[in-house]
Amino acid sequence: MAVDVERHSKQAAAVLPDVRFLIGDAWGARGGAGSLEHVNPATGEVQAEFPVASTDDVDAAVDAAAAAAPEWRDTTPMRRRELLAALAARIRQSREELATLLTLETGIPIGIAGSFCERGTDFLDYNASLAETIEGQLIPVNPIGGLDYVIPEPYGVVALIMTWNGGLSALGRKVGAALAAGNTTVIKPSELAPFTTVRFAECALEVGFPPGVINVVYGDGVAGEHLVRSKAVRKVSFTGGIGAARKIQAAAAAAPKPVALELGGKSANIVFADADLERAARSAATGALYMSGQGCALPTRLLIHSSVHDQVLDLVLEAAASMTVDDPLQPTTVVGPIVSKGHCDRILGMIGRAVAAKAGELRTGGGRAKDLAPGFFLEPTIFADVDPSSEIAQEEVFGPVLSVFRFDEDDEAVALANGTDYGLNAFLHTASLDRAHTMARRLEAGSVSVNGFQGAGNRGGVAQPFGGIKGSGFGREGGKAGLAEFLTAKNVFIGLA
């Protein structure tokens with residue numbers, strides 16, 4: 001078990017793009033605020049540098065989007081559909097290259113990375129199909145008094161601030177909806193994941209998207225705040241952590257302008273005594289450790305009925321032990337590295353504090369996968385009998401860490417599941433249809449999955465609205481609700497004599 005550093009270097013030389021800003025139709029490394037290094041999470045080695053946008057760079061990108069907005073707004077829905085479908089087809093042609101790119105960029109295992117590419121094209125195709133479905137509304141009024149109708153319109157320039165772990169799936173979902181609705185975009189990728197967005201934008205230009213419809217700038221918090229504050233930006237869509245979200249809300253309030261936030265999660269996974277226990281255990285282990293636990297929607301808290309607790313926990317431990325931690329370029333790898341050293345150290349800190357505070361019984365893992373150093377690999381980690389009030393139970397870890405609890409009554413399970421500040425996803429396993437419907441109604445979450453787990457890299461579900469409540473944010477991505485996030489309603493009244 002070791003990372004093939006030479007293979008990573010060769011792949012990087014073959015597929016890594018020149019990371020540049022896209023402003024209008026011009027590619028350039030303006031980098032008025034300097035540059036940043038990108039470190040391959042599997043090797044711990046620097047593999048690229050990329051420019052950091054100054055406020056002038058951000059302004060230039062916003063100006064380009066604003067200049068392109070009138071023409072794109074007036075582009076026919078059919079033409080917008082054609083271009084989005086062409087972009088999906090172009091990305092499919094580059095699937096292997098883009099999957100490798102995502103793996104080098106984030107450490108997501110190559111098998112999962114490929115499904116991210118496919119899901120991204122599915123989102124583009126779905127949003128393309130919605131472009132021609134945007135309809136207005138006739139409002140009933142006194143026919144003698146006049147005619148009243150509603151026109152759905154794009155906002156204009158929208159800022160799309162991306163997280164690192166979404167890849168082409170997130171781009172297809174967020175950017176696809178914004179463009180289908182007739183908006184122009186300024187995309188700010190995460191500093192941890194600059195490469196995929198470059199190739200996405202290159203593909204968009206190759207298939208004929210007009211200059212200025214898609215603009216890309218890289219930067220830190222300063223660039224992001226300036227982008228949000230820009231008067232020409234009419235809406236902001238952000239995916240990431242709650243700390244950054246608070247800053248974005250504060251910056252947007254100065255304008256003011258609407259903000260959609262897709263934030264973290266601490267999703268509960270409830271296993272009742274009547275469930276298919278083996279299936280539930282496999283789902284629990286896979287769900288918590290998928291992408292090394294680096295997903296906001298993952299079921300990171302496992303609640304097991306006391307009568308089957310020990311049996312299910314043993315099955316989960318067995319399933320976790322079978323999951324391969326290895327080089328993410330290996331097709332058999334299930335658990336790859338953590339995205340950065342900083343993230344890895346933060347997770348180890350949370351594990352260490354949980355052990356020191358006796359917040360739960362450490363049943364497996366808890367440290368670095370030393371055979372894979374200097375890459376940022378962590379052992380799959382499971383705590384049992386976790387204190388519900390502890391940090392490990394309440395705060396998002398964003399790593400391969402599962403917290404396990406036991407319950408006796410349905411009301412106790414509901415209280416445990418709802419007992420965090422988050423409300424993104426919830427999961428439950430039961431053979432009772434009545435309980436499934438009842439629990440789905442009582443659980444505080446944007447979505448509830450019964451007897452199954454669908455990871456963010458899996459295909460399907462593009463028509464489903466995704467988003468949270470409470471500390472998990474507001475607004476929706478995916479489905480018709482995701483398109484509606486990028487439309488505003490204009491009312492028109494015509495008085496009739």
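The values are calculated or read from the model by the stated rules, or taken from the named source; none is laboratory data. Worth saying up front: this structure is predicted, and the values here are computed from it rather than measured. Cβ: placed from backbone, ideal geometry, glycine included. Neighbour counts: every protein chain shown. Just the protein is used for accessible areas: all its heavy atoms, side chains included, with ligands, DNA and RNA removed. Shrake-Rupley method; radii C 1.70, N 1.55, O 1.52, S 1.80 Å.
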Residue-span extension gain [Arg92 to Ala357] - 0.36 nm each, minus C-alpha spacing: 90.5 nm
Modelled FRET efficiency - R0 35 Å, Ala440 with Thr76, Cβ distances, 0.05 increments: 0.30
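Can you give the convex hull volume per residue for the Cα atoms of segment 401-494, as a whole number of Å³? Write down the numbers at each step before the final one.
Details: hull volume 15.5 nm³, N = 94.
Once divided by residue count, the hull of segment 401-494 is 165 Å³.
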What's the angle, to the nearest 10 degrees (0 to 90), between helix 341-356's Cα axis and the longest principal axis of the chain? 40 degrees
For segment 1-58, what ratio Rg/Rh do Cα atoms give with a Kirkwood hydrodynamic radius? 1.10
Between Leu433 and Asn451, how many nm apart are label points set 7 Å from Cα along the C-beta direction? 1.0 nm
Accessible area of the chain with a 1.4 Å probe: how many percent of it is carbon plus sulfur? 52 percent
Please compute the volume of the convex hull spanned by the alpha-carbon atoms of segment 89-188 and report it per residue in Å³. 106 Å³
Taking every other residue with Cβ under 14 Å from the Cβ of Lys266 and scoring Lys and Arg +1, Asp and Glu -1, one gets -3
Separation of the Val46 and Ala67 label points, Cα + 7 Å toward Cβ, nm: 3.4 nm
Based on Cβ point charges of +1 for Lys and Arg and -1 for Asp and Glu, what charge dipole magnitude is obtained for segment 392-497 about its Cα centre, in debye rounded to the nearest 20? 620 debye
Which listed residue (Ser432, Leu205, Ala413) has the Cα farthest towards the positive end of the charge dipole for the chain, taking +1 on Lys and Arg C-beta and -1 on Asp and Glu C-beta about the Cα centre? Leu205
Let me know the charge dipole size of segment 30-100 about its Cα centre in debye, to the nearest 20, where only the beta-carbon of Lys, Arg (+1) and Asp, Glu (-1) is charged. 580 debye
Taking the convex hull of Cα positions in segment 222-280, its mean projected area over all directions (nm²): 5.9 nm²
Which of Val492, Thr55, Ala178 sits farthest toward the positive end of the charge dipole of the chain, with +1 on the Cβ of Lys and Arg and -1 on the Cβ of Asp and Glu? Val492
Measure nothing fancy, just the Cα-based angle from helix 433-442's long axis to the longest principal axis of the chain, in degrees from 0 to 90, nearest 10. 60 degrees
Note, Trp164: beta-carbon cut-off 9 Å, +1 each Lys/Arg, -1 each Asp/Glu, net -2
Efficiency of FRET from Cβ geometry, Ile494 and Asp276, R₀ 56 Å, rounded to 0.05: 0.40
Area projected by the alpha carbon convex hull of the chain, averaged over all directions, nm²: 24.4 nm²
Could you work out [θ]222 nm for the chain from helices alone, using -39500 (n - 2.57) per DSSP H run of at least four and dividing by all its residues? Round to the nearest 500 deg cm²/dmol. -12500 deg cm²/dmol
With every protein chain kept in place and a 1.4 Å probe, segment 193-262 has an accessible area per residue in Å² of 35 Å²
Using only Cα atoms, locate the centre of segment 327-356 and the centre of segment 409-435, then give the distance between them in Å, rounded to an integer. 27 Å
Find the centroid of the Cα atoms in segment 46-75 and in segment 120-134, then give the distance between the two in whole Å. 24 Å
For Asn418 and Lys247, what does the FRET efficiency come to when R0 = 35 Å and r is the distance between their Cβ atoms, rounded to the nearest 0.05? 0.80
Taking the 0 to 90 degree range and rounding to the nearest ten, how far is the long axis of helix 77-93 tilted relative to the main principal axis of the chain, both from C-alpha atoms? 40 degrees
For the chain, with only Lys/Arg (+1) and Asp/Glu (-1) charged at the beta-carbon, what is the dipole magnitude about the Cα centre, in debye rounded to 20? 960 debye
